[in-house]
Amino acid sequence: MLIPIPSFLRLPIYAFELSDKSYKYLRLKEVRSGVVVDDFGEGEIATGVIERGEIKKKEVLAALLKELFAKKNIKFVAVSLPEEKGFLENVQLTGIKAETEIRQALELQLEEHIPLPPSEVVFDYTLARKEKNHFDTVISAFPKMLVDSYSEVFYSAGALPVLVESELVAAVRSLIPKNFAATTIVMDWGKTRISFSIIENGVLRFASTAPIGGETLDEAISKTLNVDLKKARELKLKSGFLPASPSQGGQNQDSLPVFQAIVPVITAIREEVGKYIKYWQTHSESKEAPAKLFLSGGDANLLGLAAYLQQELNIPVQLADPWANVSFPKNYLPDLERQDAIRFVASIGLSLAALDKEKNI
Ligand SMILES: Nc1ncnc2c1ncn2[C@@H]1O[C@H](COP(=O)(O)OP(=O)(O)OP(=O)(O)O)[C@@H](O)[C@H]1O
Ligand SMILES: [Mg+2]
C-alpha cells in the first residue's frame, strides 16, 4: 500500500542549471492553493572550470556547490545537462506492437543513431506520435562520461542527483504551454551561447547550439565604441537594438552607435533562425514551418530584438512565459521578475519535474 508522505516530511529537490560561466538553482513548492517559488539563486563560475559544457575542474566546482548545499541544507538535486554535448535523434520504429517495447527496440538500434558505442551512452526517449504501423520517437542521449562527471560533482558536493536531463527538454516543460500543439521554435540566448529548439505537440524534435553568446554583443560594442566590457554591457541594456528612426518612436542619438555596433551579430542570428525554420519546413515529416518563435535567456531581453525578428522572419515572435505551466495561487507574484525568470527556464522546467518526483518519493 502506498502511504502518502505528509508534505512537511518531503525532502526538497533543488533544480540546478549549469552553464560555462554561471550556475542557477530554483525550487518550486506546493502549497494549498497552488505552487510557489520556494527558493532560487545564482552565482558565477570562474572561467575554465566548465568549457563548452564539459567539467574541466571537478574539485573547484564541487567545492563551490558544497558550500551552497551546506548553507541551504540541500540533499537532493535535479540537474540539467548541456545540449551542446548531447544528441537528439528522431527515430521511427516499425515492427513493434506495444509502447512497452519501445525502449528495448531503441536499445538494439542505438548505434545507428548515436555516434558512440552503446555502452558509453545514457539515453531517454519520448513518444512523439503513435501511428497505425509505426511509432515516432525522439531519443535524447548523452555520453555516459559526461553524465557521470556531472553526477560525481554533485555527489561529492553532498547532494544526490535524482533527475538528470537535457537543459532544452527541461526548458520546453517550462515555456511551451501544455496543450499548445502548433510547431514552435525557441531561441535561448544566454551569456555564452545560443540554442535553437523546434517543438511539435509539446515534444522537442530538433536542437542546435552555437557559441555565440550575449557577450559577443558586449565585445562588439566594446570594440566599436572603444569602451570597456562593463560599460559595453550597460550600453547594451540601455540602448538595445532599435532600428527605427526617432519619428517611428525607436532610436535616439545615443542608441544609434550601439545599433551599428551590433548589427552584424543580430543579422547573423536572424539568418540562423531563418535557416532552422526553413530546414524544418523542408526536412520534417510534418513539413510544417514553425508558426511561432519564443525567446528566452537573458539576451532575449534586448530592446527591439523581438520586434526586429518578427518583422524580418514574418512569424509572431514573443518573449516566452517561463511560468506557463506553473499554477501559482491567485494574486501570487514570484520574487523573480519576468526578465530574470526568462533566464531560469531550464531550472523552472526541472523544478516542475522535481515537484512530481517529490510527491512520489
Ligand atoms: N535587459 C537586458 N537586455 C539585454 N541583455 C541582457 C539583459 N539582461 C541580461 N542580459 C544579458 O543576459 C545574459 C545572461 O543571461 P543568462 O542568465 O540567460 O545567461 P547564462 O545562462 O549565464 O549563459 P549561457 O547559458 O549562455 O552560458 C548576459 O549576456 C547579460 O548581459
Ligand atoms: Mg543559460
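The values are calculated or read from the model by the stated rules, or taken from the named source; none is laboratory data. Nothing here was measured: the structure is a model prediction, and the numbers come from that model. Because the Cβ atoms are built from the backbone with ideal geometry, glycine has one as well, and the counts that use them run over all protein chains shown. What goes into the accessible areas is simple: the full protein's heavy atoms, side chains included, and nothing from ligands, DNA or RNA. Shrake-Rupley method; radii C 1.70, N 1.55, O 1.52, S 1.80 Å.
Some points to look at:
- GNM top mover of ASP188, ASP254, ASP39 - the chain, alpha-carbon springs below 10 Å: ASP254
- Over 22 Å between alpha carbons, listed pairs LYS97/LYS144; LYS178/LYS330; LYS144/LYS178: LYS97/LYS144; LYS144/LYS178
- In the chain, the portion of solvent-accessible area held by carbon and sulfur atoms comes to 51 percent [1.4 Å probe, whole percent, DNA, RNA and ligands not counted].
- Residue among ARG32, ARG270, ARG173 with the largest mean-square fluctuation in a Gaussian network model of the chain, springs linking Cα atoms under 10 Å: ARG32
- Electrostatic bookkeeping for LEU160 treats Lys and Arg as +1 and Asp and Glu as -1; over the other residues with beta carbon under 13 Å from its beta carbon, the sum is +1.
- About its Cα centre, segment 102-182 has a charge dipole of approximately 480 debye under the convention of +1 per Lys or Arg Cβ and -1 per Asp or Glu Cβ, with nothing else charged.
- Prolate/oblate/rounded call for segment 120-231, Cα gyration tensor, a/c under 1.5 rounded: oblate
- Its Cα centre serving as origin, segment 178-320 has a Cβ charge dipole (Lys and Arg +1, Asp and Glu -1) of approximately 100 debye.
- Candidates per GluC sites (Glu not before Pro) in segment 260-355, loop by DSSP, up to 16 other Cβ within 10 Å: GLU285, GLU288, GLU337
- Between segment 322-341 and segment 53-68, the Cα center-to-center distance that results, in Å: 30
- Placing a label point 7 Å from the Cα of GLU42 along the Cα-to-Cβ line, the residues of segment 274-297 whose backbone N sits under 12 Å from it are 297.
- Using the Cβ-Cβ distance between LEU108 and GLN311 with R0 set to 56 Å, the FRET efficiency from 1/(1 + (r/R0)^6) comes to roughly 0.70.
- Over segment 178-320, accessible surface divided per residue gives 48 Å², non-protein components excluded, 1.4 Å probe.
- Enclosing the Cα atoms of segment 178-320 in their convex hull gives a volume equal to 101 cubic angstrom per residue.
- Electrostatic tally near ASN325: other residues with Cβ closer than 10 Å to its Cβ, Lys and Arg +1, Asp and Glu -1, net +1.
- Separation of the HIS283 and LYS238 label points, Cα + 7 Å toward Cβ, nm: 4.3
- Environment charge of LYS72, counting only residues whose C-beta is closer than 15 Å and scoring Lys/Arg +1, Asp/Glu -1: +2
- Taking segment 8-59 and dividing mean pair separation by its residue count, relative contact order in percent (alpha carbons under 8 Å, at least six apart): 29
- Gyration tensor (alpha-carbon) shape descriptor, segment 1-109, a/c threshold 1.5: oblate
- Of all DSSP-defined beta bridges confined to the chain, some 70% are antiparallel rather than parallel.
- Of all aspartates and glutamates in the structure, those lying under 15 Å Cα to Cα from LYS56, and not within fewer than 8 positions of it along the same chain, are ASP20, ASP148, GLU152.
- About its Cα centre, the chain has a charge dipole of approximately 740 debye under the convention of +1 per Lys or Arg Cβ and -1 per Asp or Glu Cβ, with nothing else charged.
- Residue (of ILE262, PRO334, LEU108) at the positive-pole extreme of the chain, dipole from beta-carbon charges: PRO334
- Restricting segment 274-359 to trypsin sites (Lys or Arg not before Pro) in coil, as DSSP defines it, with at most 13 other Cβ within 10 Å: LYS287, LYS330
- Pairs from the list LYS72/LYS292; LYS191/LYS275; LYS57/LYS130; LYS71/LYS191 with a Cα-Cα gap above 32 Å: LYS72/LYS292; LYS57/LYS130.
- Kirkwood hydrodynamic radius (C-alpha pairs) into Stokes-Einstein, the chain, 20 °C and 1.002 mPa s, D in µm²/s: 98
- Candidates PRO290, PRO143, PRO115: whichever shows maximal mean-square fluctuation once the chain is modelled as a Gaussian network with Cα springs under 10 Å: PRO115
- Ordering TRP280, SER197, ASN314 by Cα displacement along the dipole of segment 178-320 toward the positive end leaves SER197 in first place; charges were set at the Cβ atoms of Lys, Arg (+1) and Asp, Glu (-1).
- The chain, helix-only ellipticity at 222 nm - DSSP H runs n ≥ 4, -39,500 (n - 2.57), divided by all residues, nearest 500: -11000 deg cm²/dmol
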